[in-house]
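Following: one structure in structure tokens, then a few remarks.
The values are calculated or read from the model by the stated rules, or taken from the named source; none is laboratory data. All figures in this text were calculated on a predicted structure; none of them were measured in a lab. All Cβ positions, even for glycine, are placed from backbone atoms using ideal geometry, and neighbour counts span all protein chains on display. Accessible surface areas use protein heavy atoms only, side chains included; no ligands, DNA or RNA. Shrake-Rupley method; radii C 1.70, N 1.55, O 1.52, S 1.80 Å.
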Amino acid sequence: MMTRAQAVAIATAVQQVRPEWDHPGILAALHAAQGMGSPAEVAAAAFRLAGDLKARTPGLLPKPGSHWRAPAEGGPTVSVIATRCGEHPAHLARACPDCAAEVAGVDHAAHAADLRSQLRATPKPPATEADARTARKAAR
């Protein structure tokens, strides 16, 4: 029997693989499938299902299918799902030309110098509670 904590952890991890699946839907599918195997077997089936890009929803988990069969010896356990750029979904996250162009146009040295000057201009907090009380009295 899968505990609530196990189901939430598995659902959260599955959603990292298939972000378009909603967390409550994954939890519902895990709950419906919990009688089909141990928590580890259900989790493995959920990840195999998440690796199947033809599976549109996690609702297929409690149904029979290839996601319940362990892969052949030495075979892949799940397919690789390419992570898309959060800002530019038409591109892969690891090689987004739009993000690369944005970063290339930034003057990092000038930005760092600006941040340093802002930090220098920020008043330092009082070192002790007594210093804080003195500063509050002086401000009145």
Query raised in the report: With a ≥ b ≥ c the root eigenvalues of the C-alpha gyration tensor of the chain, is it rounded (a/c under 1.5), prolate (a/b larger than b/c) or oblate?
Result: oblate
Report task. For Ala9 and Ala95, calculate 0.36 nm times their separation in residues minus their Cα-Cα distance, and state this gained length in nm to one decimal. Result -> 28.0 nm
Requested in this report: Calculate one ³J(HN,Hα) per residue across segment 39-44 by plugging θ = phi - 60° into the Karplus curve 6.51 cos²θ - 1.76 cosθ + 1.60, and present them in order as whole Hz with x for glycine and proline.
Outcome: x, 5, 5, 5, 4, 4
Report task. Assign one of three labels to segment 9-57, namely rounded, prolate or oblate, based on the Cα gyration tensor with a ≥ b ≥ c the square roots of its eigenvalues; rounded applies when a/c is under 1.5, prolate when it is not and a/b is larger than b/c, and oblate otherwise. Result -> prolate
Report summary line: As straight-line cross-link partners of Lys54, the qualifying aspartates and glutamates (C-alpha separation under 14 Å, not fewer than 8 residues apart within one chain) are Glu20
Report summary line: In deg cm²/dmol, rounded to the nearest 500, the helical mean residue ellipticity at 222 nm of the chain, built from -39500 (n - 2.57) for every DSSP H run of length 4 or more, is -15500 deg cm²/dmol
Query raised in the report: In the chain, what percent of the accessible surface is made up of carbon and sulfur (1.4 Å probe, ligands and nucleic acids excluded)?
Result: 61 percent
Report summary line: Heavy-atom accessible area per residue of the chain, all protein chains kept, 1.4 Å probe, expressed in Å², is 70 Å²
**Report entry** Charge dipole (debye, nearest 20) of the chain; +1 at Cβ of Lys and Arg, -1 at Cβ of Asp and Glu
**Finding:** 560 debye
